[in-house]
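Enquirer: The following block contains the structure, expressed as structure tokens.
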């Protein structure tokens, strides 16, 4: 079925999904929900429970802690996984800077999603490692 | 006196990175891990060298040194190199034994094989990393 | 049809225009009239009802109206037990649906719902210009021009309540052989046929359960597995009304439910061959059918609005909206009715606002108030609340407020603290409260979790920072009677209340 073709094509260009064959990518596309946010809209909220997992498709978001900008994320970057994995509210706000399109997965569905798509989980592991390294002064 | 597989699995299990793993995941890792003894001053890893695995300190003390500067001390249950075990980047610091030190070494290719076969192991590593990133972010904030 | 001059709202300039005549349009117009906001209402249809003029085909509505409820009919608290009536401000305009049901079911039949909406229009004297189809839109000056079959309408703001009922069929080989759900014929015409339904959402299951006694065989197929609402403990998933085919499948009664993609449909003699590919494993399976129906969903009929600048998203091409249902990319364009699903709210644990009547009627009423305040200079009186009564009021709302029950985690009762003390901030979209930087105060909502517990959750805003206070569920939902909740809420509000 040529459902969702445009979204599948978009996802296929992201590093997170680089190892997925097309049928698996189609399944992923069906599981994720697209969202559109205007400039200034908060997507992830510091301290609020029940948040989800997001991947940026288009545009840029700013990661802010106590109002202070820490990072910018662009197409292909994901956020929100920390809060879900740790079972704690996010430690940062993530805010749209300009118009932003993302795909979203609800927190309760995240674990099953990772288990169903181990190659995605592995790519996430690599990216998390990269992030920890750059946040770290030394490697343990 | 050599460690049994159970003891090795136990030691690995106490590591935050492997928090939440059941014995089904830990035993194969314990099997693959090897025990190494270091004498005072011996290097576990050298800064700049390609990383090939992770070390869990079983007994003794390990000094972390970066660009000649002492960064930290690790004791029993602490570990180093789990980032290298995933991405094999060059070691960003050196580690030296302080006094006789026993470590469990887990080679990246052994961990890799297990990660490929065991989704819950992958998930636990992911979680462990998220924990560390969160802790670091809060540290920088304060 | 009466001559142009005798129908209300001839083409021309109006402060605001509402497009549509389904539940969303009716509710927003009614509420705007009640607030004294001058506006025109135009609709392509020849009578009120919107999607309920046609759908659902076979089954009764998914939403109930209980003639016998724990509270008297016509009261605010009764709204929670009547998901189909629009919200009137006078007794004659309230709780109309139960009057029109014959008692054989707590779910209205489609004609009963249509009649209820018509009665609402008739009794309230709501003027609507029927037979006036919106065709195109352009921006002009500080407003918009709507081109219709009757001529041009100029306005500063426009509310589109045009539903999400435009048939959508994805592209695949042989698509031309496939009818869409919207073209479903009377049930008898499917007698003895082998039916293949593409799509496992509510519309697909509605057809399957409606045709169970007619079709000789029914196959339902789509890539993703179907989830049942009784499993998710929410309204997401196949509703209980339509679950019979699932049981038939299990009992081997000629119903087959597949997780598969459609590679194509071929015409073979008098029948069709549907080529499917299993989601798990990719095995190909060709299935014969006499009829193939695509229950593959709907899009919003937005015409040229995207070209005008209304951003859309998702397969339904819903317009992206602010928490107050304004287009997130084109100010001045607002939405009411089902289409407000384009503003899903906080989506806590993945649960968004509902697009069904029982929820969107409140969205529409709030939108009317917001339009009146924002664009028509209306200053609504804010009822003061004694400091000692704030906690009680919040817990009462949690126990009884239909807005909170029908839009969980989406609408909330706000009590704010102004220079003269606490006052009732009305029912607000929760996201607007959480992301807003207004006065200190609290917004009370209800949230359900995956195992079916319903909890009051208070969001307390203190100098712009929000904290969540999740209270405990109660077996009979009598939250106002919980001393523990009272204590915790009081503590959370300390320092905010004078």
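The values are calculated or read from the model by the stated rules, or taken from the named source; none is laboratory data. Predicted model, so just to flag it, every value in this text is computed and none were measured. Cβ atoms come from the backbone with ideal geometry, glycine included; neighbour counts cover every protein chain shown.
Enquirer: State whether one or more residues within region C:427-438 are out of contact with any strand residue (DSSP E or B) (no Cβ under 6 Å at 6 or more places or on another chain), surrounded by fewer than 23 Cβ atoms within 10 Å (Cβ to Cβ) and in a helix (DSSP H, G or I).
Expert: Yes, that holds for at least one residue.
Enquirer: For residues that are assigned to a loop (DSSP other than H, G, I, E, B) and more than 14 Å from chain C (Cβ to nearest Cβ), scanning just region A:101-140, find the one that is nearest to residue B:124 (Cα to Cα).
Expert: For region A:101-140, the residue satisfying everything is A:140.
Enquirer: Say we look at region C:331-343 and pick out the residues that are within 12 Å of another protein chain (Cβ to nearest Cβ) and in contact (Cβ under 8 Å) with a residue 24 or more places away in the chain; which of these is surrounded by the most Cβ atoms within 10 Å (Cβ to Cβ)?
Expert: Looking at residues that are within 12 Å of another protein chain (Cβ to nearest Cβ) and in contact (Cβ under 8 Å) with a residue 24 or more places away in the chain, I get C:342.
The rows are residues; the columns are (1) part of a strand (DSSP E or B); (2) touching a residue at least 12 places away in the same chain (Cβ under 8 Å); (3) in contact with a strand residue (DSSP E or B) (Cβ under 8 Å, 6 or more places away or on another chain); (4) more than 14 Å from residue A:106 (Cα to Cα).
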| site | (1), (2), (3), (4) |
| --- | --- |
| A:8 | no, yes, no, yes |
| A:26 | no, yes, yes, yes |
| A:35 | yes, yes, yes, no |
| A:47 | no, yes, yes, yes |
| A:54 | yes, yes, yes, no |
| A:61 | yes, yes, yes, yes |
| A:64 | yes, yes, yes, yes |
| A:75 | no, yes, yes, yes |
| A:84 | no, yes, yes, no |
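Enquirer: Only one of these conditions is not met by residue C:230: (1) surrounded by fewer than 16 Cβ atoms within 10 Å (Cβ to Cβ); (2) in a helix (DSSP H, G or I); (3) touching a strand residue (DSSP E or B) at 6+ places or on another chain (Cβ under 6 Å). Which number is it?
Expert: (3)
Enquirer: Identify, from the list A:111, A:37, A:30, the residue that is more than 12 Å from the chain's Cα centre (by Cα) and surrounded by 21 or more Cβ atoms within 10 Å (Cβ to Cβ).
Expert: The match here is A:37.
Enquirer: Residue by residue through region B:78-106, note down the ones that are farther than 17 Å from residue B:129 by Cα, at pLDDT below 90 and surrounded by fewer than 21 Cβ atoms within 10 Å (Cβ to Cβ).
Expert: Answer for region B:78-106, where residues must be farther than 17 Å from residue B:129 by Cα, at pLDDT below 90 and surrounded by fewer than 21 Cβ atoms within 10 Å (Cβ to Cβ): just B:90.
Enquirer: If you go through region A:15-24 one residue at a time, do you hit one that is within 15 Å of the chain's Cα centre (by Cα), part of a helix (DSSP H, G or I), within 12 Å of chain C (Cβ to nearest Cβ) and over 27 Å from residue C:432 (Cα atoms)?
Expert: Looking through region A:15-24, none of the residues is within 15 Å of the chain's Cα centre (by Cα), part of a helix (DSSP H, G or I), within 12 Å of chain C (Cβ to nearest Cβ) and over 27 Å from residue C:432 (Cα atoms).
Enquirer: Can you confirm whether region C:144-158 contains a residue that is within 30 Å of residue C:101 (Cα to Cα) and either assigned to a loop (DSSP other than H, G, I, E, B) or in contact with a strand residue (DSSP E or B) (Cβ under 9 Å, 6 or more places away or on another chain) (or both)?
Expert: Within region C:144-158, none of the residues are within 30 Å of residue C:101 (Cα to Cα) and either assigned to a loop (DSSP other than H, G, I, E, B) or in contact with a strand residue (DSSP E or B) (Cβ under 9 Å, 6 or more places away or on another chain) (or both).
Enquirer: Shifting gears a bit: Among strands (runs of 3 or more DSSP E) lying entirely in region C:254-305, which contain 2 or more residues that are touching a residue at least 60 places away in the same chain (Cβ under 8 Å) and facing another protein chain (nearest Cβ under 10 Å)?
Expert: C:255-268
Enquirer: Okay, next question. Yes or no: residue C:103 part of a loop (DSSP other than H, G, I, E, B) and touching a residue at least 40 places away in the same chain (Cβ under 8 Å)?
Expert: No: the conditions fail for residue C:103.
Enquirer: Do you know which residues across region C:323-340 are within 27 Å of residue C:201 (Cβ to Cβ) and not in a strand (DSSP E or B)?
Expert: Those that are within 27 Å of residue C:201 (Cβ to Cβ) and not in a strand (DSSP E or B): C:323, C:325, C:328, C:336, C:337, C:338, C:339, C:340.
Enquirer: Could you go through region C:386-398 and let me know if any residue there is assigned by TED's automatic domain parsing to the domain that holds residue C:488, on the phi < 0 side of the Ramachandran plot, under 25 Å from the mean Cα position of the chain (by Cα) and at pLDDT below 95.
Expert: no
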